[in-house]
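A.B. asks: Structure incoming, see below.
The values are calculated or read from the model by the stated rules, or taken from the named source; none is laboratory data. Treat the numbers as computed from the prediction; the structure is a model and nothing was measured. Note: ideal-geometry Cβ built from the backbone for every residue, glycine included; neighbour counts use all protein chains shown. Ligands, DNA and RNA are excluded from the accessible area calculation, which covers all protein heavy atoms including side chains. Shrake-Rupley method; radii C 1.70, N 1.55, O 1.52, S 1.80 Å.
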Amino acid sequence: MEFEMVGSGRGRRLRIRGELPRGFHGEQQGDCWLCPLDAINATALRRELPWTAPRPLGLGKSIGCGDRLGLATPGHVRAVRKGDMAGVFAQQSIREMERCSRSAQDVIDDAAWGVLLMDYREGYGSDADHVKQIADIDACIEAGFTGFTLDPNEHVDNAAQDDDATVLQAKFESLAPDDLEATPDDLRRLYLAGAAASPLDEETLLRASGKYSRAIIHVKNLARHIEGRFGSDPFDLEVSVDETDTPTSPAEHWFIAAELQRHSVRVDGLAPRFIGDFEKGVDYIGDLQRFEDDFAAHARIAREMGPYKLSIHTGSDKFRIYPIIHRHAGELVHLKTAGTSWLEALRVIAMRDAAFFREILALARERFETDRATYHISGRLERVPVDPPDDALPALFEHFDTRQALHVTFGSQLDRFRDRLYAFLHAHEDDYQAVLETHFDRHIAPFPCATGRD
Ligand SMILES: [Zn+2]
């Protein structure tokens, strides 16, 4: 049996030579079958060629390649092939799936067709990103996800950052022993008098617990559910607390890791909120020396309390800090990017169809103030150019405020331009692959093979 992708863009088909294997459907043409790239054939494909299905990656450095449109995997493969990071090609958060009108199954299927097209057999990961509840986890497991990022943010008590001692004390005593699988006094004994390695004193314990204990219990419950579904099969598990109001201190990180350990939740990755500003689509904002000191402390904890990877969310375009991350985390890093491949798609439009891009830019201006609501960004509408000349359009992709406006308005852009966007990108596949390759090269090259390092 021989599988081959033929044609291009929307007209692309899977050609199977010989007898049509079970599960596929298509049109017979001579001694071949031409099969549409739909969900039924994608399911059969993953059974027939297991390397087209995502698999758990475990430890070892990796890059998350979120793909809002489902067209970016070939470009991602081109870059990942040359570097030393495993690729997570099927990655999207539930929130983004809703905004893009994609299902968990679409995310998995699009990645599978992409790796088949590129004949990429080295294996790739998947990430049901920022999942918050069991129903979402189940939908993602049905679709074939083998990696999950649990987001307990709704159970983080941000107020504990500033609560006074009496309130903290009351919060601590009110933790339910059944959920905690311990009493508050047990925690005191464990972390204040017991563990020699504990960096916590009474106040940091109470503050860390006030902020994170309910979140950790939620994570434990979600993790148990996944374990129940996977049985003895492996899966990747990440826990993210990157969307809290304040940075995660190393002491808080240590507490989270210790509590996950106590609950026997084994994680492959953890995403603290690091100090400084991680904004969508732009470089790191903050002092590099302070970041390095803080990051080094987190990296030490991830090594000693796991090991597990430090996951860098909103990780695209943070070129200033990649060398620092590489230096301290070594192999234990996951760089997560979500919207940057969407921006690269728009770059191709700016290069090839100025009139279309102007419409997109106009809509970005129109929707920026509304669509930015759920994002942590500082771009300003009045700095997004109103009517730049054609030859200035590609340079807008180096412009802070414009990048953010284009980045966060993707839901509105898809609502208005969906068919045109897809038609355009199908017609310019090579361009899209090429800009993605260039862009991801810049993200992967700072994380070279770790020969001779710890
Ligand atoms: Zn995140």
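A.B. asks: Can you pull the accessible area of C449 for me, 1.4 Å probe, Å² to the nearest 10?
C.D. replies: 80
A.B. asks: Starting from the Cα of D233, move 7 Å in the Cα-to-Cβ direction to define the label point; list residues of the stretch 9-44 whose amide nitrogen is under 20 Å from there.
C.D. replies: 22-24, 39-44
A.B. asks: Next question. On the full set of protein chains, 1.4 Å probe, figure out the accessible area of R327 and give it in Å² to the nearest 10.
C.D. replies: About 120 Å², rounded to the nearest 10.
A.B. asks: For D245 and E203 in the same chain, what is the full-extension length gain: residue separation times 0.36 nm, less their Cα-Cα distance, in nm?
C.D. replies: On the way: separation 42, 0.36 × 42 = 15.12 nm, distance 1.93 nm.
Here the segment from D245 to E203 would lengthen by 13.2 nm.
A.B. asks: Quick one: what are the phi-derived ³J(HN,Hα) couplings along the stretch 407-415, Karplus 6.51/-1.76/1.60 with θ = phi - 60°, whole Hz, x for glycine and proline?
C.D. replies: 5, 8, 8, 4, x, 5, 4, 5, 4
A.B. asks: Further question: Considering only protein heavy atoms, what per residue accessible area in square angstrom results for the stretch 19-143 with a 1.4 angstrom probe? Show your work: numbers first, answer last.
C.D. replies: Details: 4710 Å² over 125 residues.
Value for the stretch 19-143: 38 Å² per residue.
A.B. asks: Starting from the residue with the highest accessible area, list H407, H328, H130 in decreasing order, probe 1.4 Å. The partial results should precede the final answer.
C.D. replies: Numbers: H407 5, H328 50, H130 25 Å².
So the residues, ranked largest to smallest area, are H328, H130, H407.
A.B. asks: Follow-up. Going Cα to Cα from K280, which aspartates and glutamates come in below 12 Å? Please leave out same-chain ones fewer than 8 positions away.
C.D. replies: Partners found: D317, D401.
A.B. asks: Where the centroid of each part is defined by its Cα atoms, how far is the stretch 1-46 from the stretch 210-245 in Å?
C.D. replies: One Cα centre to the other: 38 Å.
A.B. asks: How much length is gained on full extension from A423 to R22, taking 0.36 nm per residue of separation minus their Cα-Cα distance?
C.D. replies: Roughly 141.2 nm would be gained on extension.
A.B. asks: While we're here: Just how much of W113 is accessible, in Å², when a 1.4 Å probe is used and the result is rounded to the nearest 10?
C.D. replies: 20
A.B. asks: Sticking with this one: Carbon and sulfur together cover what percent of the accessible area of the stretch 96-212 at a 1.4 Å probe radius?
C.D. replies: Solvent-exposed carbon and sulfur of the stretch 96-212 make up 49 percent of the total.
A.B. asks: Then there is this: Alpha carbon centre of the stretch 277-326 versus the stretch 327-346: separation in Å?
C.D. replies: The stretch 277-326 and the stretch 327-346 have Cα centres separated by 11 Å.
A.B. asks: With an 8 Å Cα cut-off and a minimum separation of 6 or more residues, compute the relative contact order for the chain in percent.
C.D. replies: 17
A.B. asks: Oh, and also: Cross-link partners among lysines for K220, C-alpha distance below 26 Å, same-chain residues fewer than 8 apart left out?
C.D. replies: List returned: K61, K132, K171, K211, K309, K336.
A.B. asks: How many Å² of accessible area per residue for the stretch 262-399, probe 1.4 Å?
C.D. replies: Numbers: 5380 Å² over 138 residues.
I get 39 Å² per residue for the stretch 262-399.
A.B. asks: Here's something else I'd like to know. If amide hydrogens are placed 1.01 Å from N in the peptide plane, which non-local residues have theirs closer than 5 Å to the one on R320?
C.D. replies: Y284
A.B. asks: Heavy atoms only, probe 1.4 angstrom, no DNA, RNA or ligands counted: give me H313, H225 ranked by accessible area, highest first.
C.D. replies: From most exposed to least exposed: H225, H313.
A.B. asks: If we count every other residue with Cβ under 15 angstrom of A423's Cβ, Lys/Arg +1 and Asp/Glu -1, where does the sum land?
C.D. replies: So the environment of A423 carries a net charge of +1.
A.B. asks: Starting from the 7 Å offset along Cα-to-Cβ, what nm value, one decimal, do you get for the label separation of R266 and D138?
C.D. replies: Reported label-point gap for R266 and D138 is 2.7 nm.
A.B. asks: Of D127, D245, which has the most accessible area with a 1.4 Å probe, and how do the rest follow in descending order?
C.D. replies: Listed by decreasing accessible area, they come as D245, D127.
A.B. asks: Now a separate question. With a 1.4 Å probe and every protein chain kept in, tell me what percent of the accessible surface of the stretch 297-364 is carbon plus sulfur. Before the final figure, lay out the partial values.
C.D. replies: Details: 980 of 1860 Å².
With neighbouring chains kept in place, the figure for the stretch 297-364 is 53 percent.
A.B. asks: Just report the Cα centroid separation between the stretch 64-81 and the stretch 390-454, whole Å.
C.D. replies: Cα centroid of the stretch 64-81 versus Cα centroid of the stretch 390-454: 10 Å apart.
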